[in-house]
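Worksheet: the structure to be examined is printed underneath.
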Amino acid sequence: MIISEQTQAKEETRARAERDERPEPLVRPGETFRSVTDKIGGIVLAGRHPLGWWISFGIAFLLVMGLFYAIAVLLAIGVGIWGINIPVAWGFAITNFVWWIGIGHAGTLISAILLLLFQKWRNSINRLAEAMTLFAVACAAMFPLLHLGRPWAFFWLLPYPNGMELWPQFRSALVWDVFAVSTYFTVSVFFWYTGLVPDVATLRDRAKNRFSQVIFGIMALGWRGSANHWRNYESAYLLLAGLSTPLVLSVHSVVSFDFSTAIVPGWHSTIFPPYFVAGAVYSGFAMVLNIMIPLRKWYGLESVVTEKHLDNMGKVMLVTGLIVAYGYIFDMFTAWYSGDAAEQYSVVNRAIGPYAPVFWLLMLVNVVLPQSLWWPYVRKNPVPLFFAALSINLGMWLERFVIVVVSLHRDFVPSSWRMFIPTGWDWLTLFGSLGLFFALIFLFVRFLPMVSIFEVRELIAEEKEGAA
Amino acid sequence: MKTPPLLLTIAVCGLVGCRYEMRTDSRLKPYQETPFFADRNSSRPLVDGVVPRGEARTDDFFYTGEINGHLVRGFPAPVTLEQLRKGRERFNIYCSVCHGITGVGDGTIVQRGFPAPPSFHEQRLRDAPEGHFFHVITYGYGVMYSYASRVEPAERWAIIAYIRALQLARSARIDDVPPGERAHLAENGGENGGQ
Amino acid sequence: MKGFSTIYGVIAEFNSEDALREAARSAREHGYRHMDAFSPLPVKGLDGILGRKGSWAPVWVFTGGLIGALTGYFMQLWGIGMNFPFNVGGRALNSWPLFIPITFELMVLGGATAAVLSLFVLNGLPRLNHPVFAAPGFERATTDAFFLCVLSTDPDFDPVLVRRFFLQETSAITVTELRR
Amino acid sequence: MIQARGPEWMRPGCRRRKRIGTRQKGGYRSGIRISRENIRGAFLVLPPARGDRWNMPQIFSPRVSLWFKTALIVAPFAVVLGGLAAYRFSYSSYPTQVNLPLDQPVPFSHQHHVGGLGIDCQYCHTTVTKTADAGMPDTYTCMTCHSQIWTEAPVLQPVRDSLSSRMPIRWTRLHNLADYVYFDHSIHVNKGISCTKCHGDVESMPITWKKVTLQMGWCLECHRHPAAAFSPPDAVFQPPQVFTLNWRLDADPDAKRFVQKQLAGVPSVRELTDCWTCHR
């Protein structure tokens, strides 16, 4: 009895070990080139969409209308409609900017860095993540422009020959930001579109009506899948990834310079660049999950976006979340160690000042709740993972709010202390930007393949080879 | 298509139009049109009796050219060469158009039909007190308008000094010229005009 | 067969990567040199079989990045160091540490632009119309069909012989002669 | 030999089955794929007729392809050229109003008053050496002479109306500096910058127009090279010296001394091009 039990246990262990040894498939067995093409391309070509798509798009569309209204009022009246004041001149606009651009980082990270690291699991999620990057960066870029006060003169930020014979102040971190964000957006478009060309060619060849054929035909630029094409393509794509990798690290570093080169207590810190980048990846992965989990359910993509993907993304969030938590602790340590009264006060003010509830909510949703990701159950099950990601997105927004507003509202001179109270326009612009982002995502899902078809084919080919 | 926010921003800007609030801020330039006042003019007409800042007129001699209702003789302060030069410059700007460069009353406007003013070299004006000239510049005389708004009191005294110099030049003899300057005069053909 | 030919080449369809690789190897052994393959995904090892060496894309990207970086640095130096010298906080006019971020960003922009341009130029894109698009069943070349084409520019090209080669020596499903 | 042409096969109902070449006895037939069995007969596959075109990846004709490629190559050049055109446009008289005579309530002629009569600039613009503003002449100044001459002239009716109604004449402004620019006439004139340097040869303008763009780059041009901006001392106002266009700094030793003396009192170029020099 005992022996047999032991044998059984041993066998179970061995079976488990064997299962663990063989890597979990990234594409469920049984999928072929044609089946994945039909599955992914069919979403676009069939043009039938689940109820969830229509409801979500409807809500997002209404929010976009709200955003347009808020922007129109802003242009007509000015930034005075927001709750900003002196000293809190940055308010929601910069909070949203930093938050959105951080979200954008996951796309490039998944596409570029994981490509360079030969993480094949990225192949099923990179397209959506890249699209997410584009839309998030577009939302992000909107905020500093609106915050300019005179957005129609935004081109003054760029160096171009002009009647003033004047150039931007290239030694300013804010001008670096202009270059970093616009480069990031451009390179993201390149990266995304380059990846899209072979898939658009697939759609061109499978489209049933003339209109789609012509549109996809032009977008595919005459891609033929020739050996020459693929050779140059793989080389150029890898190089683009190589360029994007330092770029993605530089962008949020430059964004953090906007803060850390200023002497405001709570900003002037060398931990900012790495801590911002980690936070960006943290919120970016959370946003990918928030989008991917419903979409894979609605469109039946569980066979290409498997639990293994969810698990991996959960792990990345856990690691970056820990880095961010370390950043919080290090912030406090630096304040204490600096011996600077204003710096120390800024930390105390966060915890017990007028915005203390925001800070403690931040600690809860951004540090405490994400610890649940240690349990594989949470990482592998869509529903708890979705809520963990939601909590992280909220947390990262709160973090930006704490950095921007709570640092500014009390600085060196108590006579200039003031509170920031967001107005209805602030909220409408924030939720409107969310609406814009999701509306664009849903339109993208509607009109272009949300999963990279040819890269999933590569996964299938590889698994076939592995099996053989 | 993939950059709607940017395009949108540009499009909305187009609707709003190119506004340049900073180019034309709430500051008004002199005589700029503004709906604020009834006469739509940014500059207010002067109130009667207004005294320009820094020109409290305590010195009757200097500011009115008369003392107790009598036109003064002489100058409020000794005349300097610098003042004469200033007077020449101002005379040529404001007076010479009618009175002529030499003060005989043959300025370019007179040649176009303006009634000829009397020559400064008449005996009546040679004998007139300095206060008379001051009075004429300030209040006008005959068809001559007042120049009070164009010529400041100090400039008026400078012009008067220069008129005296012109008058003197007409009657001066070679002996009046310092010996060092006589050769220079001969060189220029004895001309002693305004320049 | 020298001179201008109205024939673009002879194209054969295969149903798997392995079949394509096999056929390409066989064609190579047969002495054909001017060949092109079409596949819905990059086929490993095919470049070696077709006798293609690496890509020029890295050279393009390096050049683009270099141009971008130099443009970035000298734009800043010229703009606020020479054309309109800005004195900000007493920093040197050529304050290179502060010029690094923009130099870097423009290097990436230049490199990425060159990478995309290289794809256009090296691949001869855009080319919306191409003889191979006329091959029957070619619409599946972007789904699950694999094609090998012997081009008419090959010194040994003879349509009949190529056709015979495909049908006899390989597992081709269809063989088609393509006109220009 | 048969040439395949795009437009031809795209015509509706065009189902061409033409023999091609003479090499094969069996000839070529369209639409039939070669199988292993009928190897003896070699067939050329023609592009299909309209009916079965939907499954063809050959969507575009060669001409469309060429147009698209050309457009893609031309587009960047067009953008660059458009940018250059916009840059040139920003200096044209449309946005800057340079060389563009504007309607005035009274067609005042500087050519007549300054060039013809030799009236000094300061006769009307009295405060140019004293304040930031050069000073527009009031109606009273016009009437100093026009109360006696040209008293019936219809063109002067607005002037007479202005005098009787005590409402200033509304001239159309030509030189409208942005409000964030601090500009002072007196310092420029007193240092020896001629009127003509900015206003052009006003003496020959029958109706006044703007001569320079007044853009910041134009201001900077002088502030960067102050020595070239000075006129000889007598040339600041008085005609005709003020309008000596061929006067050259290096040809006139007196003027050179004057310029050096004036320059001694002028701030360095760095200070002249500092932001706060003009934006206070």
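Computed values, structure above
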read-out: Per-region count, the stretch A:180-212, residues free of Cβ contacts under 8 Å to residues at least 60 places away in the same chain, open to solvent by less than 20 Å² (accessible area, probe 1.4 Å) and within 22 Å of the chain's Cα centre (by Cα); value: 1
read-out: Options A:Pro370, A:Pro354: the member that is not in a helix (DSSP H, G or I) and not charged (D, E, K, R); value: A:Pro354
read-out: Number of positions in the stretch D:173-198 that are in contact (Cβ under 8 Å) with a residue 60 or more places away in the chain and either surrounded by 19 or more Cβ atoms within 10 Å (Cβ to Cβ) or out of contact with any strand residue (DSSP E or B) (no Cβ under 9 Å at 6 or more places or on another chain) (or both); value: 8
read-out: Residue list for the stretch D:138-157, filter: part of a loop (DSSP other than H, G, I, E, B) and more than 9 Å from every other protein chain (Cβ to nearest Cβ); value: D:Thr151, D:Glu152, D:Ala153
read-out: Within the stretch B:116-186, helices (runs of 4 or more DSSP H) holding 2 or more residues that are touching a strand residue (DSSP E or B) at 6+ places or on another chain (Cβ under 6 Å); value: B:130-139
read-out: Which listed residue, of A:Arg446, A:Arg457, is open to solvent by less than 30 Å² (accessible area, probe 1.4 Å), under 30 Å from A:Met219 (Cα atoms) and of a type in the set (Lys, Arg); value: A:Arg457
read-out: The stretch A:416-452: number of residues that are farther than 18 Å from A:Leu75 by Cα, outside any helix (DSSP H, G or I) and of a type in the set (Val, Ile, Thr); value: 2
read-out: Residue check for A:Val365: assigned to a helix (DSSP H, G or I) and of a type in the set (Val, Ile, Thr); value: yes
read-out: Residue within the stretch B:155-169 that is loosely packed, with under 15 Cβ neighbours inside 10 Å, out of contact with any Phe, Trp or Tyr (no Cβ under 7 Å at 6 or more places or on another chain) and either under 26 Å from B:Pro78 (Cβ atoms) or in contact (Cβ under 8 Å) with a residue 60 or more places away in the chain (or both) present; value: yes
read-out: Odd one out for C:Val132 among (1) more than 19 Å from the chain's Cα centre (by Cα); (2) within 26 Å of D:Trp67 (Cβ to Cβ); (3) of a type in the set (A, V, I, L, M, F, W, C); (4) more than 8 Å from chain D (Cβ to nearest Cβ); value: (1)
read-out: First in the stretch B:86-110 and more than 9 Å from chain D (Cβ to nearest Cβ) and under 21 Å from D:Thr129 (Cβ atoms), second anywhere and assigned to a helix (DSSP H, G or I) and open to solvent by less than 10 Å² (accessible area, probe 1.4 Å), Cβ under 6 Å, 6 or more apart; value: B:Lys86/B:Ala158; B:Gly87/B:Ala158; B:Gly87/B:Ile159; B:Gly87/B:Ala161; B:Phe91/B:Ile159
read-out: Which listed residue, of A:Val248, A:Val197, is under 30 Å from A:Trp90 (Cα atoms) and more than 7 Å from chain C (Cβ to nearest Cβ); value: A:Val248
read-out: A:Val181, sole failed condition from (1) assigned to a helix (DSSP H, G or I); (2) of a type in the set (A, V, I, L, M); (3) facing chain C (nearest Cβ under 7 Å); value: (3)
read-out: Subset of the stretch B:26-37 (residues that are within 7 Å of another protein chain (Cβ to nearest Cβ) and open to solvent by less than 70 Å² (accessible area, probe 1.4 Å)); value: B:Pro30
read-out: A:Arg231 being basic (Lys, Arg), at pLDDT below 90, part of a helix (DSSP H, G or I) and out of contact with any Cys (no Cβ under 9 Å at 6 or more places or on another chain); value: yes
read-out: Selected residue (criterion: farthest from D:Ser109 (Cα to Cα)) from residues of the stretch D:158-181 that are within 12 Å of chain B (Cβ to nearest Cβ) and not in a loop (DSSP other than H, G, I, E, B); value: D:Ser165
read-out: Filter pass, C:Arg91 being free of Cβ contacts under 8 Å to residues at least 40 places away in the same chain and more than 25 Å from A:Arg34 (Cβ to Cβ); value: yes
read-out: Qualifying residue in the stretch A:213-235 (condition: surrounded by fewer than 21 Cβ atoms within 10 Å (Cβ to Cβ) and either of a type in the set (Ser, Thr, Tyr) or more than 14 Å from chain C (Cβ to nearest Cβ) (or both)); value: no
read-out: Selection status of B:Ser146, over 13 Å from the mean Cα position of the chain (by Cα) and either buried (at least 20 other Cβ atoms within 10 Å of the Cβ) or of a type in the set (Ser, Thr, Tyr) (or both); value: no
read-out: Candidate set from the stretch A:136-163 (those that are surrounded by fewer than 16 Cβ atoms within 10 Å (Cβ to Cβ) and out of contact with any Cys (no Cβ under 9 Å at 6 or more places or on another chain)); member that is nearest to the other protein chains (Cβ to nearest Cβ); value: A:Pro161
read-out: Test: C:Leu119 is more than 15 Å from A:Gly217 (Cα to Cα), under 18 Å from the mean Cα position of the chain (by Cα) and crowded, with 20+ Cβ neighbours inside 10 Å; value: yes
read-out: Any hit, the stretch A:420-428, residues being among the hydroxyl-bearing types (Ser, Thr, Tyr) and within 26 Å of A:Phe276 (Cβ to Cβ); value: no
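The values are calculated or read from the model by the stated rules, or taken from the named source; none is laboratory data. Please read these numbers as outputs of a predicted model, since none were measured by experiment. Positions of Cβ are generated from backbone atoms using ideal geometry, with glycine treated the same way; all protein chains shown enter the neighbour counts. Just the protein is used for accessible areas: all its heavy atoms, side chains included, with ligands, DNA and RNA removed. Shrake-Rupley method; radii C 1.70, N 1.55, O 1.52, S 1.80 Å.
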